[in-house]
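**Student:** Sending over a structure as structure tokens; questions will come in a sec.
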């Protein structure tokens, strides 16, 4: 299908969406019947029945996605007649498309449409997770700068920052920073945190924030005092993770955060240049 056709059919499908008073989005089966190229209601009703079965099999109560309703329709004589209809969620529409006749162009479109929407949702979820990790890395960098400043303020020099941070890593991972770098295959000239998963970035940040607070609150003026505080905080965070079934040193490394940043920047540039890049071509 050409991009223009898909865009037109997509708009037509979305234009038929309605909302309940509570703001729940739905489509009426009688409308969807014609959008999907079915002339006979009984044939389309068979597809709806298969979709309901698929819904139940997938673990979702069909009653949550297929709601029977009645509505009045005008007859040629000027009178009205009551007919059955079904309120459908977007998920129900997806199941109907999956159980329809793929020889129909409309069904083929619908299957393509929902495939695109699913892929977009996956990409959005991935992008959100990547953005969360990037933000966590930036936050940790800012917190460690604050910790370095506190060490300088309290001890008169910040040459001990690297040592204190290293002791914190050992308390969190149960291994030295170098041992974790070797395990995660981190280049020697790169920070371990650039390859740490989000949960570890946030764990390190939390421990460092506590160290900053207590170092100021209690006026710690020696490297040994701040080191002890930082080690204690990282051990406490480690214990919390272990209690929740998370062993920091057993987690796999994450992708190089710098590479993730470059990929997102590149994707944003491409999307601005060509907003339809996710739409399939003929």
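We did not get these values from a lab; they are worked out from the coordinates using the rules stated. Predicted model, so just to flag it, every value in this text is computed and none were measured. Counting neighbours? That spans all protein chains shown, and the Cβs are built from the backbone with ideal geometry, glycine included.
**Student:** How far is it, in nm, from the label point at residue 217 to the one at residue 142 when both lie 7 Å from their Cα along the line to the Cβ?
**Tutor:** That separation, rounded to one decimal, is 2.1 nm.
**Student:** Under the classification rounded if a/c is under 1.5, otherwise prolate if a/b is larger than b/c and oblate if not, where does the chain fall, given a ≥ b ≥ c as square roots of the Cα gyration tensor eigenvalues?
**Tutor:** Numbers: a/c = 3.45, a/b = 2.79, b/c = 1.24.
Verdict is prolate for the chain.
**Student:** Go ahead and set up a Gaussian network model of the chain, Cα springs under 10 Å, then flag whichever of 95, 32, 242 fluctuates most.
**Tutor:** Of 95, 32, 242, the most mobile in the Gaussian network model is 242.
**Student:** Just check segment 3-101 against the gyration tensor rule for me: Cα atoms, a ≥ b ≥ c as the square roots of the eigenvalues, rounded for a/c under 1.5, and otherwise prolate or oblate depending on whether a/b exceeds b/c.
**Tutor:** On the way: a/c = 1.42, a/b = 1.18, b/c = 1.20.
Rounded shape, in that the Cα axes give a/c under 1.5.
**Student:** Can you tell me the orientation of helix 41-57 relative to the chain, as the angle in degrees between its alpha-carbon axis and the longest Cα principal axis, to the nearest 10?
**Tutor:** The angle comes out at about 30 degrees.
**Student:** Over segment 123-273, calculate the relative contact order: mean separation of alpha carbon pairs under 8 Å at least 6 apart, over the residue count, as a percent.
**Tutor:** Values: 147 pairs, mean separation 49.6, N = 151.
Computed over segment 123-273, the figure is 33 percent.
**Student:** Using alpha carbons only, how many angstrom separate the centre of segment 233-272 from the centre of segment 6-50?
**Tutor:** 41
**Student:** Let me have the relative contact order for the chain, percent, based on Cα pairs under 8 Å that are six or more residues apart.
**Tutor:** Details: 286 pairs, mean separation 50.4, N = 282.
Once divided by the residue count of the chain, the mean separation gives 18 percent.
**Student:** Ignoring everything except DSSP H segments at least 4 long, calculate the 222 nm mean residue ellipticity for the chain; use -39,500 (n - 2.57) per segment, divide by total residues, nearest 500. Before the final figure, lay out each step's value.
**Tutor:** On the way: 10 runs with 176 residues, N = 282.
Theoretical 222 nm ellipticity from helices: -21000 deg cm²/dmol.
**Student:** While we're looking at this one, here's another question. Would you kindly compute the Cα radius of gyration of segment 133-282 and its largest Cα-Cα separation (Dmax), both in Å?
**Tutor:** 18.4, 69
**Student:** Here's something else I'd like to know. So how far apart, in nm, are the two label points at residue 179 and residue 103 if each is 7 Å from Cα heading toward Cβ?
**Tutor:** About 6.7 nm separates the two model spin labels.
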